[in-house]
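The values are calculated or read from the model by the stated rules, or taken from the named source; none is laboratory data. Everything quoted here is computed from the prediction, not taken from an experiment. Neighbour counts are summed over all protein chains in view; Cβ atoms, including those assigned to glycine, are modelled from backbone coordinates with ideal geometry. Only protein heavy atoms, including side chains, enter the accessible area calculation; ligands, DNA and RNA are left aside. Shrake-Rupley method; radii C 1.70, N 1.55, O 1.52, S 1.80 Å.
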Amino acid sequence: MPETTTGALIYQILELLPFLKELPEFLHIPMLMFVTGLIPVTVISLVGLVGVYMERKVSAFMQIRLGPMEYGPWGTLQTLADGIKLMGKEDIIPREADKPLFILAPIAAFVGVFLLFIAIPFDRDIIVVDLNVGIFYLAAVASIEVVGIIMAGWASNNKWSLLGAMREAAQVVAYEIPVGICLVTVVIVSGSFSMVDIVEEQKGLFLNWFIFRNPVMWVVFIAFIIASLAELKRAPFDLPEAESELVSGFHTEYSGMRFSIFFIAEYGAMFVASALIAILFLGGYYTGIPFLDNIDGILGILIRVGALFGKAFAFLFLQMWIRWTLPRIRLDQMFYLCYKVLVPFGFVAMIITAFWQMVLPGDGFMSLGWAPGLGK
Amino acid sequence: MLAATKQLDTKAFAEFVSGVGDSVAGFWPEIVLGITLCAVLLYDLVLSRERSKNTAYMAFGGTLLSLALVFMLPSEPRSLFSGMLALDSFSTFFKAVILIGTLVTVALTQLDKENIGARLGEYYGILLAAVLGMMLMASSTNMIMIYLAVELASLSSYVIVAHRRQSRIGSEASLKYAIYGSVASALMLYGISLLFGMTGSLSVMGLADLGIRMATDVGFGIAVGLVLAGLAYKMAAFPMHFWVPDVYQGAPTAVTAFLSVASKTAAFAILLRFMASLDPGSATGIKMADGGLFLDWTSILAVAAAVTMTLGNLAALFQTNIKRMLGYSSIAHAGYILMGVAALEVSDYAGFKAVAFYLLVYLFTNLGAFAVVIVVSNQVKSEEIEAYKGLGTRMWLPALLLTIFLFSLIGMPPTAGFTGKFLLFRAAIDKGLYWLAIMGGINTAVSVYYYMRILKFMYLEDSAEKTPYPAPCLLGKVLTVGLALPVLLLFFLGAAAGWTKNLSLLG
Amino acid sequence: MSFYEGLLFYLLAATAVLPGVMILFSRDIVHAAFWLLASLAGVAGLYLYLGADFLGFTQVMIYIGGIMILIIFGLMVTHKQKISLSQLAQKRLLVPAVITGGIILTALLYVINKTTWKPTASEEMEPTSADIGYLLMSDYLLPFEIASIVLLVGLVGGVYIARRKEREA
């Protein structure tokens, strides 16, 4: 199995839950696997709940409405109520559908998102596994969710679903290239694939963040935001589920719990993308203010986890803002943007970054000497 | 922990950079080809779609420059790029052969009216990529490099085979070529992975000492056999020959000519290097574990040679399309050349010289034959053998030249084909493979029938029409005559051609 | 610990092999494609089990994220009705196919069992990505560069073959 660092979450769980040690020995590993697996699932579900509520409120405010107000203060329990309703719904599988694939599809999509959460560092030690190839791992397993979506589109045996799935396949394969270029650029700067290493490189004053590392990193930053929107099939790239053309694309035939799993997976993926933007470019769990970052103990952990969640939700908000502002782009515009804008700009930025790292390795702007004493 | 703290070892880095610099000095021909291929693609993309003829000049110029650089390569043998390539007179010779073949192919493409104007930029770019792959095949000494080189040559070939416009037959040929090719390359890759598992090294030279240690191992034999199967595909030899007729017929004639000589030459170059490290002279081979049956490499290759030439010749007897017939004839010639490989003796390079010389002769002969086919089909608009009726009077020059080329393919004096075949047969006899030499003799006799049939059509049968065709264009005349001259001259220079005498392998 | 290691290995091996068998027996070509995907995922798992983390995730990225999605995409574009694989198979080829397959299987099993393998990798699990990077930029510099030309040819050639028909029409 891939290397884990000593501070990995799995060992802390053993400390936190001493009764695990009293179980018969052969149950240790299954129990540990179960408990560790439970954490991402919980986080995904919570993020899903909050995300859906947030989307409703944000869209409402942008359209000068109130949004959900009935259940709980400000309608905060609305999503929970919807979730309970969806669980109680009849489980419908269309007669002509490809039954095994139809059942498997939402699971595959959810597993894809679940796997993403494993490599997200919420704090230096709060990460399920700090893989040595963390960022590469993320890029690799990001494609598993797509498999689920294509599976759903095929299994539904519905032309809208099939068209949606085909658009999804084309779009995701296309936008993997700019995403990959952006990731490579970040790796050039950080010198490591490990997610924790990448964040630790950005420790210190916020000028250490990768977005300020060299004069072209903001290009990569923007390219990554755009490409991640496309990978997430969020508006304005929501061609795979374009409501006005394809009913609702690949999940047209899905209802009840299966539909909600797709939904949660989508919001989970959105959160991962937002957290990734924060981790790769904006210091991850560090606030950028040295004395806050140096606090030890439980307070420090709270500050850092809070910082990551704060940044991630800011980008979640950005995604919603874009969704309710921009109209959907056409298929050809989508490809144009990818191959003729993002890829060339990304490549140029990557090459400039590589040279910058060769000439001025280390602290970027800091090493230029105009901000003495502010470095790490 | 952080990679940033991992300081670059500057001294090792400087050594590495100077090593790369040294390697590049022996790599200029390939670099020039690589630059030319990018330039051709970019020129076609950016500057011009209309003046596609310019890309032909660019491709020709780049190949010519590359050929000139091959002749200027330093002569002392050494290894390039940490053992990936060998720079020795052996690889230089084969690179030169491949590049000459390419020069002729570029000219043939311009000669072939069927191709003019059809997206020639990409065609030449991909053709040059194929040449680059073949040149790397000629010099690779690492199995990863061999695989990549074969793959580069194959992938490019699949594309240019489909070049013919409005041709379903071309697409079909390309598809067949690609499907058989992927099977062959999968076999080869599997063999390479087995060899890596057994030796722990990817170097071809590393097989040498291992071959003796594991001479009794069936697994080793199977692994080598799989690699050889992949190579047999590229040189159109049994048991991987069945793609040949369809592809040769469906591809544009210039591409067929290119594949029949350059691809074969490159594959034989690898085969020779590979077999030399196995040292077949020292009776290594596959031995069944209980010691009953022993198959040494010499007999395996000899049987492959005999079967290949017999199959090719027998099938060629019944062909009505001249490209198809030349395709089967090319299988037969792979068999003759394998005869030389079977007679390989590392100590005195006996088989090497015969194979190298024959490949040089075959280059001119076969390209010449295909050049005449193009010249004729430009006028006659047909590639059927029937259409050659009465050609001796209606197009006297191409008919005469085709006679020379066919004589050379048969191996009759006074053409170079005779000298080449003589050397091959002598190598086999010196090695004691009398039965193989006799098989070769019988096969040559059989082949006389179908080559002579064309001559019969051209000179002894009359067509209804008597008026002579207009003379071929200047390019056609220059090409066909220019290819016929070496075929005649090499007979007289023959064994005295010192070039193939001094071939030596690195390692 | 070793019990779970063994269990993990056999689970992964089963994930790699059983879907491979299912490819042969599935009637629907799209199902076969998804079984292939599962098989490739099992192979990726085996790589990870052996400590080749970079290779394992490369397998996931290229095969599951790239090739399989494109294969399924291709099937979706070209399919008109459900393609039954059993229709494509020819009964008269069954006997020769089984014999050939049997011979190849026996030969490979023989090779795997009888050969003395020479492992080069160390038993310890170490991060591999840095070493792979150094090797690609030093000893394997030339193959690395040639691979880029192979990819260029694949790219240009693919477009060239696909566009040809369109321009003629």
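Would you mind calculating the relative contact order of chain C from Cα pairs under 8 angstrom and at least 6 residues apart, reporting the percent as a whole number? It would help to have the intermediate numbers written out before the result.
On the way: 95 pairs, mean separation 31.3, N = 169.
For chain C, the relative contact order is 19 percent.
Can you give me the distance in nm between label points at C:Tyr110 and C:Leu7, each placed 7 Å from the Cα along the Cα-to-Cβ direction?
3.9 nm
Charges at C-beta only: +1 for Lys and Arg, -1 for Asp and Glu. How large is the resulting dipole of chain A about its Cα centre, in Debye rounded to 20?
Details: 23 positive and 31 negative charges, 179 e Å.
Its charge dipole is roughly 860 debye.
Chains A and C: buried accessible surface, both sides, probe 1.4 Å, rounded to 100 Å²? Display every interim value, and only then the final one.
Values: alone 17980 and 14010 Å², together 29180 Å².
So the total buried area for this chain pair works out to about 2800 Å².
Label-point separation (nm) for A:Val359 and B:Leu485, each offset 7 Å from Cα along Cα-to-Cβ?
5.5 nm
Note down the nm distance, to one decimal, between modelled labels 7 Å out along Cα→Cβ at A:Tyr336 and at B:Ala445.
Distance between the two pseudo-spin positions: 7.4 nm.
Just how large is the dipole of the stretch A:199-313 about the Cα centre, in debye to the nearest 20, putting +1 at every Lys and Arg Cβ and -1 at every Asp and Glu Cβ? Write down the numbers at each step before the final one.
Values: 7 positive and 11 negative charges, 69 e Å.
Dipole about the Cα centre, nearest 20: 340 debye.
With a 1.4 Å probe and every protein chain left in place, work out the accessible area per residue of the stretch A:92-368 in Å², rounded to a whole number. Please list the in-between numbers first.
Values: 9850 Å² over 277 residues.
With the other protein chains kept in place, the stretch A:92-368 gives 36 Å² per residue.
Long-range amide H contacts for B:Asn142: which residues qualify at under 5 Å (H placed 1.01 Å from N, peptide plane, sequence gap of 5 or more or a different chain)?
B:Val204
Let me check against my output: what whole-number percent is the relative contact order of chain A, with C-alpha pairs under 8 Å and at least 6 apart? Walk me through the numbers before you get to the answer.
On the way: 560 pairs, mean separation 79.8, N = 376.
Reported relative contact order: 21 percent.
Can you pull the mean other chain C-beta count within 10 Å for peptide C:111-118? Walk me through the intermediate numbers first.
Values: counts 10, 3, 1, 4, 10, 7, 7, 7.
Partner Cβ neighbours, averaged per residue: 6.
I'd like to know which of C:Ser148, C:Ser138, C:Tyr160 lies farthest towards the positive end of the charge dipole of the stretch C:130-169, counting +1 on Cβ of Lys and Arg and -1 on Cβ of Asp and Glu.
C:Tyr160
In a shell of Cβ-Cβ distance under 10 Å around A:Ser161, excluding A:Ser161 itself, what net charge do Lys and Arg (+1) and Asp and Glu (-1) give? Don't jump to the answer; show the numbers that get you there.
Numbers: positive: A:Lys159; negative: A:Glu241, A:Glu253.
So the environment of A:Ser161 carries a net charge of -1.
In a shell of Cβ-Cβ distance under 15 Å around C:Gly66, excluding C:Gly66 itself, what net charge do Lys and Arg (+1) and Asp and Glu (-1) give? Write down the numbers at each step before the final one.
Numbers: positive: none; negative: A:Glu145, A:Glu168, A:Glu176, A:Glu231.
Here the charged neighbours net out to -4.
Averaging sequence separations of C-alpha pairs under 8 Å and six or more residues apart, then dividing by the length of chain B, give the relative contact order as a whole percent. List each step's numbers first, then the result.
Numbers: 838 pairs, mean separation 73.1, N = 507.
Normalised by residue count, the contact order of chain B is 14 percent.
In square nanometres and to one decimal, what's the mean projected area of the convex hull around the Cα atoms of the protein assembly as shown? Each step should come with its number before you reach the end.
Values: hull surface 193.4 nm².
For the Cα atoms of the protein assembly as shown, the hull's average projected area reads 48.3 nm².
Test of understanding: in a Gaussian network model of chain A with alpha carbons linked when under 10 Å, which of A:Gln333, A:Gln319, A:Gln202 would top the mean-square fluctuation ranking?
Looking only at A:Gln333, A:Gln319, A:Gln202, the biggest GNM fluctuation is shown by A:Gln333.
Once you've got the Cα coordinates, tell me which of B:Lys323/B:Lys466; A:Lys57/A:Lys233; B:Lys176/B:Lys264; B:Lys389/B:Lys421 are over 28 Å apart.
B:Lys389/B:Lys421
Ignoring ligands, DNA and RNA, what accessible area per residue does the stretch C:1-86 give at 1.4 Å, in Å²?
So the stretch C:1-86 comes to 53 Å² accessible per residue, rounded to a whole number.
What does the helix-only formula give at 222 nm for chain A: each DSSP H stretch with n ≥ 4 adding -39500 (n - 2.57), the total divided by the residues, and the result rounded to the nearest 500 deg cm²/dmol? It would help to have the intermediate numbers written out before the result.
Values: 15 runs with 237 residues, N = 376.
Value at 222 nm, helices only: -21000 deg cm²/dmol.
So if a site counts as exposed when it's one of the trypsin sites (Lys or Arg not before Pro), its DSSP state isn't H, G, I, E or B, and it has at most 16 other Cβ atoms within 10 Å, what's the longest stretch of chain B without one? Write down the numbers at each step before the final one.
Values: sites that count: B:Lys6, B:Arg49, B:Arg51, B:Arg165, B:Lys381, B:Lys466.
Excluding the exposed sites themselves, the longest stretch runs over B:166-380.
Around B:Val255, with a cut-off of 10 angstrom between Cβ atoms, what is the net charge of the other residues, counting Lys and Arg +1 and Asp and Glu -1?
Numbers: positive: B:Arg164; negative: B:Asp112.
In short, 0.
Out of the total accessible area of the stretch C:1-86 (probe 1.4 Å, heavy atoms of protein only), what percent is carbon and sulfur? Working shown, then result.
Details: 3510 of 4600 Å².
Carbon and sulfur: 76 percent of the exposed surface of the stretch C:1-86.
Report, to the nearest whole %, how much of the accessible area of the stretch C:130-169 belongs to carbon and sulfur atoms, 1.4 Å probe, protein only. Don't skip to the end; give the middle numbers.
On the way: 1690 of 2430 Å².
Of the solvent-accessible surface of the stretch C:130-169, carbon and sulfur hold 70 percent.
Using a loss threshold of 30 Å², tell me which positions in the stretch A:147-167 are less accessible in the complex than in their chain alone. Probe radius 1.4 Å, ligands and nucleic acids ignored.
A:Val147, A:Ile150, A:Trp154, A:Leu162, A:Met166
So what J values fall out for the stretch A:55-61 if you push phi through Karplus, 6.51 cos²θ - 1.76 cosθ + 1.60 with θ = phi - 60°, rounded to Hz, Gly and Pro as x?
Computed from phi, the couplings for the stretch A:55-61 are 4, 5, 5, 4, 5, 5, 5 Hz.
I'd like the distance separating the alpha-carbon centroids of the stretch A:212-291 and the stretch A:175-191, in whole Å.
Their Cα centres are 16 Å away from one another.
Determine the distance separating the Cα centre of the stretch B:365-385 from the Cα centre of the stretch B:10-36; give it in Å without decimals.
43 Å
Which is farthest toward the positive dipole end of chain B among B:Leu226, B:Leu33, B:Ser75, measuring Cα position about the Cα centre, with Cβ charges +1 (Lys, Arg) and -1 (Asp, Glu)?
About the Cα centre, the residue reaching furthest to the positive side is B:Leu33.
Nothing charged except the Cβ atoms of Lys and Arg (+1) and of Asp and Glu (-1): what's the magnitude of the dipole of the protein assembly as shown about its Cα centre? Round to the nearest 20 debye. Can you show the working numbers first?
Values: 66 positive and 70 negative charges, 718 e Å.
Dipole of the protein assembly as shown, to the nearest 20 debye: 3440 debye.
Counting each DSSP H run of 4 or more residues in chain B as -39500 (n - 2.57), what helix-only mean residue ellipticity at 222 nm follows after dividing by all residues, to the nearest 500 deg cm²/dmol? It would help to have the intermediate numbers written out before the result.
Numbers: 21 runs with 349 residues, N = 507.
After summing the helix terms and dividing by the residues of chain B, the value is -23000 deg cm²/dmol.
Give the residue from B:Gly133, B:Thr419, B:Leu155 lying farthest towards the positive end of the charge dipole for the protein assembly as shown; charges sit on Cβ (+1 for Lys and Arg, -1 for Asp and Glu) and the dipole is referred to the Cα centre.
Value computed over the given set: B:Thr419.
Mind checking the mean number of beta-carbon atoms from other chains within 10 Å of the Cβ atoms in C:36-49?
Details: counts 0, 4, 0, 0, 0, 2, 0, 0, 1, 0, 0, 0, 2, 2.
Rounded to a whole number, the mean comes out at 1.
Going by Cα centres, the stretch A:109-160 and the stretch C:1-69 are how many Å apart?
Going from one Cα centre to the other spans 16 Å.
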